[in-house]
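The values are calculated or read from the model by the stated rules, or taken from the named source; none is laboratory data. Computed from a predicted model, the values in this text were never measured in an experiment. All Cβ positions, even for glycine, are placed from backbone atoms using ideal geometry, and neighbour counts span all protein chains on display. Side chains included, ligands, DNA and RNA excluded: accessible areas come from the protein's heavy atoms. Shrake-Rupley method; radii C 1.70, N 1.55, O 1.52, S 1.80 Å.
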Amino acid sequence: MGKIKVASQWLESCAGCHMSFLDIDERIVELLKYVELSSTPITDLKHPPEEGVDVGILTGGIGNEEEKAEAKLMRDRCKILIALGDCAVTGGICTMRNFFDTEEVLRRGYIETESTVDGEIPHHEDLTPLTDRVMGVGDVVPVDIYLPGCPPSADAIWFVLTELLEGRMPKLEGKVLKYGSDGG
Amino acid sequence: MSEIHLTINGKPVVAQSGQTILEAAKQADIDIPVLCHHPALANWGACRMCLVEVKGMRGLQTSCTCPATEGMEVETETEKVVAVRKFVLELLFSERNHYCMYCQMSGDCELQDLAYRYGLDHWTYPRPFEKMEVDASRKYFIMDPNRCILCSRCIRACSEIAANHTLGLRDRGARTMVVADLDVPFGESTCVECGTCLQVCPTGALIDAKSAYGGREKDVIHTQTTCMQCSVGCDLDVVTRYQRLLRVDGVWESEPSGGLLCVDGRFKPLYEKRQRVTGPLVRKDGKLVAAGWNEALGIVAEKLQSGSCQGLAYCATTDEALTAFARLFAKVDGAAGRIEPQVAPLGFGQVAKVQDVLDADVIIVTGAQPLEYQRVIGYFIHRAADQGAQVAVITDDENGLSARAAMTLTSAEAGKAVETAAGAGKVVVVYGTEIKPEVIAALKPLGDEAYILALDPARNAQGATAAGLQPQEPSDVDVLYFLLGEQSEDAALLAKVNGAFKIVQAAYHSPLVDQADVVLPTPIWVERTGHVTNLDGSAKPLHAALLMPENVRDEAEALAALADMIG
């Protein structure tokens, strides 16, 4: 049997979920016996290959058109999609901007911040527009596995991946559902 | 009450008639999840978490309100029940703005616990992202409606326990909000800051300003002790971490207050601003300077034997300290007394306990302001009034209880209160030092049937009485010894202090401490061990939740050491 192909991408995210994945430490060596890491944010290959992967992992919420497109691309090119971390599951802390309209958010960020002098809201054809609201991945594409946590613990991530390797759909309960190693 | 037999999850359970399914299950160690239910509050049946299947009954039943009956067959965790609970949790999480990642209750939150229990890894309903303002207009605790699940525990606590009726609901459906009075900021409302709502909130909607983020339940230490802020003597659950005072909670099912506290017991002591006396001080060349205990006690022992002396205590300390104080002065042939005035007995009636107020039919209040000084008794009077008790306030001045009393009478009209009491069941007279002789005379016909609750203004009045300390004025002696504890002197006392050699035993600096010739430090409430005797006459234990500062000694110990030195 060939290796299982896994791709990941971060969307509107602090990168903490990918850090938590790396916290599986030396278990990554064991994992790589069975898994081929395809595209990730830190590999040369940035997008899942056209021929597709077995498992796609998305971290972060969806707050702009580019992220929406990334989520759709991953969904199209993977068999099982994991929304990893609170932002991917519910939009997470990024949804705090949903209490304001996007214009207000940009103005606050680029003009009204206390340290800004003569600020302006950047406009350029290369800049992707914000969506009206930040969403979870599941609000844009169907998700197969939700792994909440801010971030989910390395053990929880390990549990989900190893369950999939065993051919089971992971059922999250107990400690792996709680975020923080102490279940707080 | 008769025994009934039912099965819960196939297990035979014996319950009492009148018990709910939830109560029967609890007795049988079967855990049914709840959110709106709280053992100290009336059952509500609002949150639908406690739904169970009962054979033969249509739909699912709220076990917190459904009475257990003979032969009932209950299932608490069927597939159907679990699916409904999960559905309810999804609705609760999607309705408002629950951000566990930065909520101070994360880890201790009843809503979060249930999400974990039922494996809620996401929810499917869209969130409205309604913008809700946090209300931080109160000093001691904050209301964040974003985290409110409208369980109404706070509202019931405010009405049923504190009998203050500040909290209520505004609007209906998705627009429903918990509000104070007619939707005014909490800090401008009729809230008395007793904090009972804070203690029963299952989520992070009510936030204690002091303890938020200070430590989760698994990190903290709980120490049960007795409140020393007034003579009621409520049980306290003191929460600490790393020798830091985080929070004070009430203790359900404790006497006399049943978990109810007031702002003076729950919050104010955590915001103490006075400067602490951290070690003995003696006056040298006109200045108070730090000294060792042996030196300071040596000077005191010598002074007490060298001339006439008088000891005056605020009854703000332990039974043990007051007894040791009286003993010391007996030994040196000095007078010893208490500083606070004492409530004289009325000469009729039977001694009431604090809880007698709760089931009274008529309550007569006179010469006392319990809403100001023994607040829990004030709230108890409100609670009794809610239950239909007639409250008569006899006063020639303003009294906070008048607002909800059946009648407010002048001293001259006191007889009308006796008329009201005639033929009524249980009559309780609550009185204090300001009672007028003509009122005592007018109330005398109530006779020995009446229950009499004397609100002594001193915190440990009963302890002082047991030690034989009666009110005294400072007299013209060579040495004056003041045992203040945490109570700083009032201006009237200070004005009466003469040029005697002054020894002051106090926890905090004050003008009297600063004039003293010898200062001995004392512990504060949260550091105390020993006992305090409350209004009900029960000697309640004190347990130290924090260590005393290194150079502080308990008064009883210091006074005993002095007695030994005098020999």
I'm trying to understand the selection: among the residues of segment B:107-133, which are hydroxyl-bearing (Ser, Thr, Tyr) and either surrounded by fewer than 16 Cβ atoms within 10 Å (Cβ to Cβ) or away from chain A (no Cβ under 12 Å) (or both)? B:THR124, B:TYR125
Could you list, in sequence order, all residues of segment B:309-348 that are open to solvent by 10 Å² or more (accessible area, probe 1.4 Å), under 31 Å from the mean Cα position of the chain (by Cα) and of a type in the set (D, E, K, R)? B:ASP319, B:GLU320, B:GLU340
Taking only pairs six or more apart or across chains, which ones have beta-carbon atoms under 6 Å, a first residue in segment B:34-45 that is in the same structural domain as B:CYS151 (by TED's automatic domain parsing), and a second residue that is of a type in the set (Val, Ile, Thr)? none
Take the residues of segment B:8-32 that are among the hydrophobic types (A, V, I, L, M, F, W, C) and not in a strand (DSSP E or B): which is surrounded by the fewest Cβ atoms within 10 Å (Cβ to Cβ)? B:ALA28
Which condition number in (1) out of contact with any Asp or Glu (no Cβ under 9 Å at 6 or more places or on another chain); (2) open to solvent by less than 40 Å² (accessible area, probe 1.4 Å); (3) more than 9 Å from chain B (Cβ to nearest Cβ); (4) farther than 21 Å from B:ASN97 by Cα is the one that A:GLU166 fails? (2)
Would you mind telling me which numbered condition in (1) modelled with pLDDT of 95 or more; (2) within 11 Å of another protein chain (Cβ to nearest Cβ); (3) open to solvent by 30 Å² or more (accessible area, probe 1.4 Å) A:CYS150 fails? (1)
Considering only segment A:74-96, I want to know if a residue exists there that is assigned to a loop (DSSP other than H, G, I, E, B), buried (at least 17 other Cβ atoms within 10 Å of the Cβ) and touching a residue at least 24 places away in the same chain (Cβ under 8 Å). yes
Within segment A:27-53, restricting attention to residues that are of a type in the set (Asp, Glu) and in a loop (DSSP other than H, G, I, E, B), which residue is least open to solvent (accessible area, probe 1.4 Å)? A:GLU51
So which residues in segment B:520-539 are open to solvent by 20 Å² or more (accessible area, probe 1.4 Å) and of a type in the set (D, E, K, R)? B:ASP536
The correct count of residues that are crowded, with 19+ Cβ neighbours inside 10 Å and part of a helix (DSSP H, G or I) in segment B:552-562 is 5
List every residue pair whose Cβ atoms sit under 6 Å apart, with the two residues 6 or more apart in sequence or on different chains, where the first one lies in segment B:102-118 and is under 17 Å from B:LYS218 (Cα atoms) and assigned by TED's automatic domain parsing to the domain that holds B:ARG247 and the second, anywhere, is open to solvent by less than 40 Å² (accessible area, probe 1.4 Å) and at pLDDT 95 or above. none
If only one of B:GLU90, B:GLU70 is open to solvent by 50 Å² or more (accessible area, probe 1.4 Å) and of a type outside the set (Ser, Thr, Tyr), which one is it? B:GLU70
It is to be established whether one or more residues within segment B:202-219 are farther than 22 Å from B:ASP113 by Cα and among the aliphatic types (A, V, I, L, M). yes
Inside segment B:475-519, can you point out the residues that are free of Cβ contacts under 8 Å to residues at least 12 places away in the same chain and either small (Gly, Ala, Ser) or outside any loop (DSSP other than H, G, I, E, B) (or both)? B:ALA491, B:ALA492, B:ALA495, B:GLY499
Could you list all residues from segment B:448-469 that are over 30 Å from B:GLU486 (Cα atoms) and open to solvent by 20 Å² or more (accessible area, probe 1.4 Å)? B:ASP448, B:GLU449, B:TYR451
Residue check: is A:GLY183 within 12 Å of another protein chain (Cβ to nearest Cβ), modelled with pLDDT under 95, out of contact with any Phe, Trp or Tyr (no Cβ under 7 Å at 6 or more places or on another chain) and surrounded by fewer than 19 Cβ atoms within 10 Å (Cβ to Cβ)? yes
Only one of these conditions is not met by B:THR395: (1) under 13 Å from B:VAL430 (Cα atoms); (2) within 25 Å of the chain's Cα centre (by Cα). Which number is it? (2)
If a residue has to be open to solvent by less than 70 Å² (accessible area, probe 1.4 Å) and within 25 Å of B:ASN460 (Cα to Cα) to count, how many in segment B:273-299 make the cut? 4
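Residue by residue, here is whether (1) assigned to a loop (DSSP other than H, G, I, E, B); (2) away from every other protein chain (no Cβ under 12 Å) holds:
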{"site": "B:CYS64", "(1), (2)": "yes, yes"}
{"site": "B:GLY71", "(1), (2)": "yes, yes"}
{"site": "B:VAL74", "(1), (2)": "no, yes"}
{"site": "B:GLU77", "(1), (2)": "yes, yes"}
{"site": "B:VAL81", "(1), (2)": "no, yes"}
{"site": "B:VAL84", "(1), (2)": "no, yes"}
{"site": "B:PHE87", "(1), (2)": "no, yes"}
{"site": "B:LEU92", "(1), (2)": "no, yes"}
{"site": "B:ASN97", "(1), (2)": "yes, no"}
Pick from B:ALA162, B:ALA136, B:ALA180: which is buried (at least 17 other Cβ atoms within 10 Å of the Cβ), touching a strand residue (DSSP E or B) at 6+ places or on another chain (Cβ under 8 Å) and of a type in the set (Gly, Ala, Ser)? B:ALA180
Checking B:GLY388 against (1) open to solvent by 50 Å² or more (accessible area, probe 1.4 Å); (2) at negative phi, the condition it does not meet: (2)
Among the residues of segment B:148-175, the number that are charged (D, E, K, R) and either within 14 Å of chain A (Cβ to nearest Cβ) or within 23 Å of B:ILE381 (Cβ to Cβ) (or both) is 2
Residue list for segment A:103-138, restricted to those being within 14 Å of chain B (Cβ to nearest Cβ) and either in a strand (DSSP E or B) or open to solvent by 100 Å² or more (accessible area, probe 1.4 Å) (or both): A:THR131, A:ASP132, A:ARG133, A:VAL134, A:MET135
